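A quick write-up on the structure given underneath.
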Amino acid sequence: MAGSNVIEVTLPDAATPTREDIEQLEATFRAIVDLRFPDSRDWQKVEEALVIDGWTVRSQLMWVAEAHKGWESELATGRTKSEAFKQLQQLAKIDDVAGVP
């Protein structure tokens, strides 16, 4: 059950969201909440250590797409959902050429 820190967003009356629409909205709102209210700031210590070590560091939100076939799995990322799926398709094609069952 949700706690008291819940925000409810009303969709337009004409909206008939699909499962994918709901997943995208939840992921978007989760990203916003995580950016504004992170559980911890441990990542900052890692970033600082990398910078001290001479690394240039940047981060961004990404889409992750994953596919499984038999014992094989592939995972791809992209700036957009389309980019992630195109990358996933390329990885899957490599597996198919290699003879993955």
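The values are calculated or read from the model by the stated rules, or taken from the named source; none is laboratory data. Here the structure is a predicted model, which means the values were calculated and not measured. Positions of Cβ are backbone-derived with ideal geometry, glycine not excepted, and every protein chain shown enters the neighbour counts. In case anyone asks, the SASA skips ligands and DNA or RNA and just uses the protein heavy atoms, side chains included. Shrake-Rupley method; radii C 1.70, N 1.55, O 1.52, S 1.80 Å.
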Accessible area of residue 30 in the full protein assembly, 1.4 Å probe (Å², nearest 10): 130
Cα radius of gyration and Dmax for the chain (Å): 18.8, 54
Sequence of 53, 13 from largest to smallest accessible area, 1.4 Å probe: 13, 53
Residue 51 accessible area, 1.4 Å probe, all protein chains in place, Å² to nearest 10: 80
Hypothetical label at residue 30: residues of the range 57-101 whose amide nitrogen lies under 14 Å (7 Å Cα-Cβ projection): 62-66
Overall form of the range 1-56 per C-alpha gyration tensor (a/c, 1.5; a/b vs b/c): prolate
